[in-house]
Structures are given as structure tokens and as C-alpha cells.
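Data block below; observations after.
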Amino acid sequence: MLLIDFSTPPEFKDLFSKLQGILGQEEANIFRETYGFYYDQNPVALKVTTSGSTGTPKTYTFSRSAVCTSIEGTAKALGLDLGITALLALPLRFIAGRMMLLRAMHLKWKLLWIKPTLRLKEFPEVDFAALTPAQVSESLHVLGSIHTLLLGGSPITNALLATIRNTAKYSVYQSFAATETLSNFALRRLAPDYQDFYTVLPGVKIRVDELSRLWVLYPGITADFITTGDVVKMVDPSSFIWLGRADFVINTGGVKVHPEFLEAQLSEAFPDKRFIITSMPDERLGEAVTIVIESPVELNTDNLKRTLEKIASEKHLPKHLLPRIHVTVPELPVTATGKPDRIRIKQLINNEHEK
């Protein structure tokens, strides 16, 4: 654990040496690049690479002006002042961690920096932090230690959402982000008040196309509207409800199923297991909705079917949404950011099916 005061540029050499010991060489090197990008008079562009969860990773470059636009948009939306205390517990190699560091530099924060892990040790109360849902699930004490908590990186299960709404002591938000927009461009409040839709940051403009895909213009960051690949339902000109990724929509018998929506609905059936919804070829339907569950032992298909049908009945889910095929795997492949690698998982189960 390291506390850094960014009210003035910290002395680099001593700090770099400490970070090498706490975080390792790779993270220390990224800190050096980020330090130079923000404090040098003529910095090179900031390079950010996507996670690769929807395909081959892509690299984007941003100016310091674009970074400052993003920082100030988030700070305004969340009411984050100069000189506050923040927690950094995310890896710098991904955009969320890098932007936390840059926010601290730009807004002259005191930054409590700890090694990124799922289970976070207890720490003094801080004004702001960005964490993943998995970190909160494994470290529920953060709900009483962070005055403004921003969650991102993966969807939030219904079970975790219920915990947040029932136990959070302070404000909790969920971010809607894209690498192309330098982290979040929209937020939804989870606690103490709750909203089921996202609202864009000041100045951001959105629209949808004929396929309900979201397009975003963030002045100062994107030169024009860019598509995020997400399918949404517009609430009003500045708000939307997320339905899922366009890349992973399943067409089963002419009915479109959004895997992420269905996963959220069925999450309480597997409180201690990871799973995803995907599809397998079907001669009659084209694609059959398929659930892939991570488990060291084969699960009883009949019991699983009854459990899913019970949840569907309680939540009034149409029967055609329920998985027709159930697959158990010892371990779900994941991307570099720890998200389920949907492309590899689909390839894996379809390759097994063809054998």
C-alpha cells in the first residue's frame, strides 16, 4: 500500500523504485510512460489497447487534451473535487486503471495505491475509487469505505446488485465505457437511489441505428460518431437501457436473444459458479440457446433444467429464452482482463459438438 500526493508532481525516481517492489516491473514501466505523458511538455500520444473480449485487440492513441476532457467529464458528473483522496486497485495495463492514475495527476488527488487483487484488504475510507464487480463481490467491506464507487469492466449480477442496494453506505455508480471514448461516457446510479438506465456525461451525444446499435459522439475525444457494438433501448435523447452486445446476439428460430440479459436473469441459479449463455448450431432453429457452466464435476441436467424453469416462471421469462443445451466445462477461458472469452468458449463447445 502506497499513498501518493499528486498536489505537486511527485519525485519520479523514488516513486518508480517503490512501485517496482509493490506492483512489479510491467506496472512500473506503464507508470513511467503515464507519468511522462502527463507531465512532459511535449508528450507522445497515449496508447490504449482493447481487452479483446469481442475480437482481436485494437490499439488507439489519444492526445493529452482528449484525456483531460474525459477526466473533467467524469469529475463533473460524479462531483469529484480537486485534492480528494482516491483508491487505485486496478492494473495500469488496462484503460480503467490508467485513467484512475491520470485523474489523480490532473485533479491533484491523494492516491492510495494497492496491488490489484480480487480480495482487497481493508483500507481507510476514501472519497473515490473505480473497481470491478468481481472485486466488490469478494470484498464487500468496500461498500462502507468508498464515498463514491464507480463499477465497470463487466456486467453486475442481480445478486450483487441486491447486495449493493441493501448494504451500500455511500454512492455507487455503474459505468458504461468504451476504449474509443477513453473509459466511461455514461453512468447509472445503483445506490442509494437506483435507476435501470444509463445517462450520458455532459456534452456526450448518442443515437441508435436501425439495428438498435448505440452510436456515440464525445466532443474532444471522438472526431465523429462511433459505434460501441452494444444494443440498447433509448429512454430519452440522453439515456438508454443496455440490452447486450450486437456481436453475441443469438437468433433462435427468428427470435433474438441477448446473452448478457439472460445471464443477469439466471445468475441466482449459480451463486457460486461462473457461466455464460452462447449458442450451438441447430437444424430446426438455426441456433440453440446454450448455457456453459464452469464446474469440476458434471451437473445433473434434469436438476439444472428444473432450476432454470423455476426462475423463468418466477421472473415471467418466455420459455424460448431458456437454454436448450447444457454444457459443463472444468474452466471457462477468459480474456486478458478476466472476462469470459465468448469467442473461444463458443469455438470450444462447437468443436466438441462436431467430433
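General observations
- Qualifying residue in the range 42-53 (condition: in contact with a helix residue (DSSP H, G or I) (Cβ under 6 Å, 6 or more places away or on another chain), surrounded by fewer than 18 Cβ atoms within 10 Å (Cβ to Cβ) and either in a helix (DSSP H, G or I) or assigned by TED's automatic domain parsing to the domain that holds residue 343 (or both)): no
- Looking across the range 126-170, the residues that are out of contact with any helix residue (DSSP H, G or I) (no Cβ under 8 Å at 6 or more places or on another chain) and within 15 Å of residue 86 (Cβ to Cβ) come down to 126, 127, 145, 146, 147.
- Test: residue in the range 19-40 that is at pLDDT below 90, assigned by TED's automatic domain parsing to the domain that holds residue 109 and farther than 22 Å from residue 116 by Cα: yes
- Note on the range 72-95: residues that are in a helix (DSSP H, G or I) and within 14 Å of residue 46 (Cβ to Cβ) amount to 1.
- Within the range 21-41, the set of residues being surrounded by 15 or more Cβ atoms within 10 Å (Cβ to Cβ) and either among the β-branched types (Val, Ile, Thr) or in a loop (DSSP other than H, G, I, E, B) (or both) comprises 30, 34.
- Test result for residue 59, within 25 Å of residue 337 (Cα to Cα), touching a residue at least 60 places away in the same chain (Cβ under 8 Å) and in the same structural domain as residue 148 (by TED's automatic domain parsing): no
- Residue within the range 74-88 that is among the hydroxyl-bearing types (Ser, Thr, Tyr) and either at pLDDT 95 or above or crowded, with 17+ Cβ neighbours inside 10 Å (or both) present: yes
- Segments classed as strands (runs of 3 or more DSSP E), wholly inside the range 233-351, with at least 1 members that are crowded, with 17+ Cβ neighbours inside 10 Å and in contact (Cβ under 8 Å) with a residue 40 or more places away in the chain: 239-245, 250-252, 255-257, 275-282, 286-294
For (1) under 28 Å from residue 147 (Cα atoms); (2) without any contact (Cβ under 8 Å) to a residue 24 or more places away in the chain; (3) aromatic (Phe, Trp, Tyr), each residue gets a yes or a no:
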| position | (1), (2), (3) |
| --- | --- |
| 2 | yes, no, no |
| 6 | yes, no, yes |
| 16 | no, yes, yes |
| 27 | yes, no, no |
| 33 | no, yes, no |
| 36 | no, yes, no |
| 80 | yes, no, no |
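The values are calculated or read from the model by the stated rules, or taken from the named source; none is laboratory data. The shown structure was predicted, so the numbers you read here are calculated from the model rather than taken from an experiment. Please note: Cβ atoms are built from the backbone with ideal geometry, for glycine as well, and neighbour counts cover all protein chains shown.
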